[in-house]
Amino acid sequence: MRAPLTLILRAVIGMAWIFPVYWLIVVATGARGSAYSIPPVFVPLFHFLPVASVLAHTHLLQHVLNSVIVTTSTIVLVLFTGALGGYALSEVRFPGRSLYFLLALGVMMLPQQALMVPQYVVLYHLRMLNTYAAMIIPFATSTSSIFLFRQFFMRLPTSYRDIASVEGVSTARYLWRVALPLARPAVAATVLLTFISSWNMFQWPLVMISSKSIQPLEVSLTFYMQAFEGHWRQLASVALLALLPVIGVFALTQRYIVSAVAGGELAQKE
Amino acid sequence: MISSRAAFLRSFTRAMHGPRSIGATLREALLGYGLVMPSALIFLVFYYAPAAFLAYISFFHWNLFVNGNQFVGLRNFEILANQPLFWRSLFNTAYYVVVLVPTTTLLALAFALLLREMPNLRSGGLSRALIFLPHVTPVVATSIIWVWIFNPNFGLANAILGFLHLPQLNWLQSVTWALPSVMIYTLWHSVGLYTVLFLAGLASIPKNVLEAASVDGGHGWFAFRRVVWPMLGPVTFFVIVLVSVNTIQTFSQIYTLTGGPSSLAGGPAFATTTDSLLIYQTAFLYQHFSLASAMSLVLFVLTLALTLIQKLLADRIVFYR
């Protein structure tokens, strides 16, 4: 008796939660004026004209490109700094190691909203305002990546490293050729987490970037919200363009994303 | 006999590895500093230095583009205390947090209990994915569709109210309902994360404990109240802290849903001006950096205090560790 009820409830809630996203697809690709039709249309028609017209008449492609540049460079850098930091924490003995541990952990306690103003001042003095670097460098490392790598490197048998040092293999080579390939799950989780946070970043570029030409997609959406007020198909198709990469990646790696995000949060608790 | 063999082994290992020379130790330390340098520098320059700098500029009459900053002591805080809008923003923030913390926590717990895998039922995975998905979507992109849902004339929200024969609302355009509308969006966007955290908590409850409870006749509400709930204590506490810290700092959805760059954000009539939105507008729209810093310091202290209070409370309430 309980099982069917549970099943139905699960289905209803799942559908209700995904509905706004589905609705976005319907409005974006629907017929002209379908957003206003009563009763509402619930079937997407796959008209791609609005997307095409927005791409042709605005600088949308530039914003997409900006987002891609920022996201990919951030991912590469986070992998680099995270793997190095994690390796240092797990394998290397140096005075101040526990201080570094606390430094990495403490960052998560700082309320981000309260730091916006002084961070703006710091970027101003580094002459980084209004540059790609402003959107990349401050996010080029993350506590979760450092701790993920630390966890994986700690599990590697010490004999691997002993053999490497006997054979005269350098640390860089050992990291690149042995440790990193064995820590592939940590690499995957870091890539996914960084992709989501970097692609979705909004307030930071809103504050730090004033020139339209390097604005990421998410910030440019607020401009489109005004420019396309009332043109729901165009507006929805622009929003869809920002959503699709996330939905696509999520559809392919749902299991890993859920556990990576939840794991990242749970790591704070330990 | 045995001890001599141990001694032999020890000397053998020492011969193989050699005693650690000062040079080797120094080399390893240098390697360590080199490895942590990039991330440590980023943390220090972009996070810790600003945090320290924050306290400093709050006590100055300070402007980014003018030299000769003047120490004014508590003057900035005095101005704030006499600003009705600042108090209004604190009230709005408190309202937002106080409503969202219990609703988010309870809904996430309910979803987790519903999605918990039953032995012969594997439908939980897809529903879990669908509930979690909004959490990873970009806020502005999904806010756009919610502006449409909250549209008083054509929106889905009023269609549902009409279907239930309830009075229509003006949602984001109404002073009373604007902030609750943002709360609904936030609930939709974030509940999936907390659901998954609760699911992890449920999974960590040993199976035999549940079995023992059901053998003793503990079913349904009784089993939940006496067995599951106490064991979820630590996760519940963690979720409450996380929801509070996240909601007290909400910015993006408030900014986007209530007007975006048109400088109407926070409206109508300041009904949705929360602390973080006011900080943003004061600093980056009106260039009052020292005033905004003073507000930030208040927010900083409030957030830390909230975490600490909850920590103290939890030590009394949570018994399962």
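Assorted remarks:
- Taking the charge dipole of chain A about its Cα centre, with +1 at Lys and Arg Cβ atoms and -1 at Asp and Glu Cβ atoms, the residue from A:Leu206, A:Thr71, A:Phe153 reaching farthest to the positive side is A:Phe153.
- Calculated FRET efficiency, B:Ile22 to A:Leu65, Cβ-Cβ distance, R0 = 60 Å: about 0.70 to the nearest 0.05.
- Taking other C-beta atoms within 10 angstrom as a stand-in for reagent exposure, B:Glu28, B:Glu78, A:Glu167, A:Glu218 fall in the order A:Glu167, B:Glu78, B:Glu28, A:Glu218, fewest first.
- Sites A:Ser165 and A:Phe80, calculated FRET efficiency, Cβ-Cβ separation with R0 22 Å, nearest 0.05: 0.45
- Between helix A:232-269 and chain A: long-axis angle, C-alpha atoms, 0 to 90°, nearest 10: 30
- Note on chain A: helix-only mean residue ellipticity at 222 nm, from DSSP H runs of 4+ residues weighted -39500 (n - 2.57) and normalised by residue number, equals -24000 deg cm²/dmol.
- Label-point gap, in nm, between B:Leu166 and A:Ala188 - each point 7 angstrom along Cα→Cβ: 4.3
- Modelled FRET efficiency - R0 35 Å, B:Ala55 with B:Lys207, Cβ distances, 0.05 increments: 0.10
- Taking the square roots of 5 times each eigenvalue of the Cα gyration tensor of chain A, largest first, gives ellipsoid semi-axes of 41, 26, 17 Å.
- Rounded if a/c under 1.5, otherwise prolate or oblate - segment B:76-317, Cα gyration tensor axes: oblate
- Pairwise label distance in nanometres, B:Tyr95 with A:Ala227, each label 7 Å out on the Cα-Cβ vector: 3.5
- Only Lys, Arg, Asp and Glu carry charge here, each on its Cβ (+1 for the first two, -1 for the last two); on that basis segment A:22-269 has a dipole of about 340 debye about its Cα centre.
- Charge dipole magnitude, Cβ of K and R +1, D and E -1 - the protein assembly as shown, Cα centre, debye nearest 20: 1400
- Stretching the chain fully between A:Leu156 and A:Val12 yields a gain of 47.3 nm (0.36 nm per residue, less the alpha carbon separation).
- The residue list A:Tyr22, A:Leu5, A:Leu99 was ranked by how far each Cα lies along the charge dipole of chain A toward its positive end, using unit charges on Cβ atoms, and A:Leu5 comes out on top.
- A simple charge model with +1 on the Cβ of Lys and Arg, -1 on the Cβ of Asp and Glu and nothing else charged puts the dipole of segment B:76-317 at about 360 debye relative to its Cα centre.
Here, each number is a calculation from the coordinates, and none is a lab measurement. Given the structure is predicted, the values throughout are model-derived calculations rather than measurements. A quick note on method: Cβ atoms are made from the backbone with ideal geometry, for glycine too, and the neighbour counts reach across all protein chains shown.
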